[in-house]
Every structure is written in C-alpha cells, then in structure tokens.
Amino acid sequence: MIPWKEIGRAEVPGHEGEVILLNRGTEFSIRTAGTELMNSRLHGSESALAELACGRLKRKSSLKILIGGLGMGYTLAAALGRSEPDTIITVSELIPAVVGWNREHLGHLAGTPLDDPRVSVVEEDVVETIRKRKAAWDAILLDVDNGPDGLTRKTNDRLYFEPGLKMSFSALRPGGILAVWSSGADEAFTRRLKQCGFRTETVIVPARKPGKGGRRTIFLARRP
C-alpha cells in the first residue's frame with residue numbers, strides 16, 4: 001500500500017490543535033489529533049448537504065448562500081451546481097491554510113469551485129459571519145467539526161445549542177434553510193431546532209457515492 005505523505009500542517013487560529021493535509025496517490029485526507037476529518041474518497045454526504053438544501057429552496061433566483069467550512073470544496077461545488085448565475089455564495093473558513101490547500105493541492109478534486117465568480121471567501125469563524133447580518137441568507141450550510149456532537153472544538157457549541165441556533169434563525173430570510181452535516185443522528189439537536197422555531201427534516205445519506213460506505217445525517221431546518 002502506498003504510504004501517506006504529509007503535504008501541509010497548520011494551527012487552528014485562536015484554539016489549541018492543528019490540522020494536517022495528507023496525500024497518497026490520488027487520495028487526500030485532512031486530519032486532526034489522529035482523527036480523519038475528511039477524505040477525498042468519501043464526499044457523498046458533503047455534496048448531499050448542498051444538494052438537499054438547495055433543492056428545497058422555493059426561491060431560485062438572486063439567492064445568497066453561506067457555507068461554513070470549506071473542507072475540500074465538495075459542498076461548495078454542489079451548491080454551485082444547483083445555483084443560478086445570479087447566486088452569491090460566501091464561504092466562511094476559519095483556517096487560512098485550508099483555503100490555500102484548496103487553491104494549491106485540492107481544487108481539482110471538486111472542479112476548482114473557488115474560481116467561480118459567484119464565490120467569495122472570508123477567513124473567519126462562521127459564527128462571526130452569521131452574527132453580522134440578519135435576514136441575509138437564503139441558506140446556511142454548516143459542515144463544521146463533527147456536527148452537533150462536536151469532535152475537535154468545544155466552541156462549536158456556539159453553533160449547535162440554543163444561542164447559536166437562534167442566531168442562525170435570525171440570519172436567515174423567511175423560508176430560508178439551515179442545513180447541518182453530522183456524523184450521526186441526534187434527537188436532542190432536532191428538539192433544539194424545533195424549540196428555536198425551525199421546521200425540521202432529517203435525511204440519512206451515504207458517505208460515499210454511489211451509495212457506498214457508512215451513513216451520515218443531514219439536518220434540514222426551515223425558518224417559516
């Protein structure tokens with residue numbers, strides 16, 4: 001078997017820990033503390049995050065979409081594929097190195113989505129991006145950490161508990177959708193979404209296309 005080769009390593013701004021980019025052959029992996037966060041072979045659920053959310057939006061033109069977490073670009077590419085030419089997509093990525101890795105090493109995997117003129121990138125915590133504007137977004141797509149359960153950053157609780165969910169609710173336009181990627185089901189998270197005023201739907205998707213590998217959960221929450 002081809003051994004993994006380290007391509008890059010970067011600290012997480014403002015927090016302990018670091019992320020590492022690895023490569024073997026045509027496969028890429030981003031890891032932290034020995035745990036794999038994402039793999040180029042297993043991106044079906046990342047694409048589904050955008051496909052499901054965009055497919056449920058009633059409006060189709062002049063959309064404004066916020067993506068929290070760039071990853072390897074698969075969610076962004078899927079959102080672009082489901083969007084009209086007048087859509088504006090903002091990607092909020094905390095780790096500048098991840099943006100650099102996409103431009104230098106990973107862009108080809110998802111079809112170089114950062115080159116699309118509809119896309120802009122802000123290098124900051126998505127919590128800050130959400131907080132800045134109210135009734136601004138038609139969709140907020142979150143693929144941050146390991147979903148509501150959290151894996152790498154306890155501060156992600158700011159997104160997935162009541163204060164963060166209310167903030168996302170306020171940041172969405174009426175009829176807008178908050179879509180959240182998760183490694184597994186979480187009934188408590190669904191209850192919190194409902195308590196914050198969302199109408200919820202949970203979809204189980206394959207981690208790998210076409211329908212292979214394990215299963216992941218996509219939470220879809222609409223602001224009435």
Problem - Karplus-derived 3J(HN,Hα), 6.51/-1.76/1.60, for each residue of the stretch 178-183, Hz, glycine and proline x - result: 9, 10, 10, 7, 9, 6
Exercise for the section: Quick one: check the C-alpha center-to-center distance for the stretch 41-60 versus the stretch 12-28, whole angstrom. Expected result: 24
Problem - Net charge, GLU162 excluded, C-beta distance under 13 Å - Lys, Arg +1, Asp, Glu -1 - result: +4
Problem - Of MET1, SER47, SER170, farthest towards positive along the dipole that unit charges on Lys, Arg, Asp, Glu beta carbons give the chain - result: SER170
Fill in the blank from the handout: The answer for the net charge of residues other than GLY25 whose Cβ lies under 15 angstrom from its Cβ, with Lys and Arg +1 and Asp and Glu -1, is +1
Problem - Entry for Cα Rg over 2.2 N^0.38 Å (calculated from the structure that is shown) out of (i) 0.99; (ii) 0.95; (iii) 1.08 - result: (ii)
Handout entry: Total charge dipole magnitude, the stretch 43-222, about the Cα centre, Cβ charges on Lys, Arg, Asp, Glu only, Debye to nearest 20
Key = 740
Practice task
Calculate how many DSSP beta bridges within the stretch 43-222 are antiparallel, expressed in % of all such bridges and rounded to the nearest 5.
Solution key: 45
Practice task
For the stretch 109-118, take each phi angle, set θ = phi - 60°, evaluate the Karplus expression 6.51 cos²θ - 1.76 cosθ + 1.60, and give the result in whole Hz per residue in order, putting x for glycine and proline.
Solution key: 4, 10, x, 6, x, 5, 7, 5, x, 7
Handout entry: Distance (nanometres) between label positions extended 7 Å along Cα→Cβ at LYS5 and PHE161
Key = 4.4
Fill in the blank from the handout: Diffing the stretch 218-223: the Karplus 3J(HN,Hα) column from phi (6.51, -1.76, 1.60, θ = phi - 60°), in whole Hz with x for Gly and Pro, holds 10, 8, 10, 10, 9, 7
Practice task
Among the listed pairs LYS60/LYS194; LYS60/LYS132; LYS132/LYS166; LYS64/LYS132; LYS166/LYS194, give every one whose C-alpha distance is greater than 21 Å.
Solution key: LYS60/LYS194; LYS60/LYS132
Practice task
Among HIS15, HIS105, HIS43, determine the one that fluctuates most according to a GNM of the chain built with springs between C-alpha atoms less than 10 Å apart.
Solution key: HIS15
Practice task
Grab the beta carbon distance between ARG56 and GLU27, set R0 = 45 Å, and tell me the FRET efficiency rounded to 0.05.
Solution key: 0.90
Exercise for the section: List the residues whose amide H sits under 5 Å from the amide H of ILE67, counting only those 5 or more places along or on another chain, with H placed 1.01 Å from N in the peptide plane. Expected result: THR90, VAL91, SER92, LEU141
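The numbers here are math on the coordinates, done by the rules we state, and not lab data. The structure displayed is predicted, hence computed values, not measured ones. Here the Cβ is made from the backbone with ideal geometry for all residues, glycine too, and neighbour counts use every protein chain on show.
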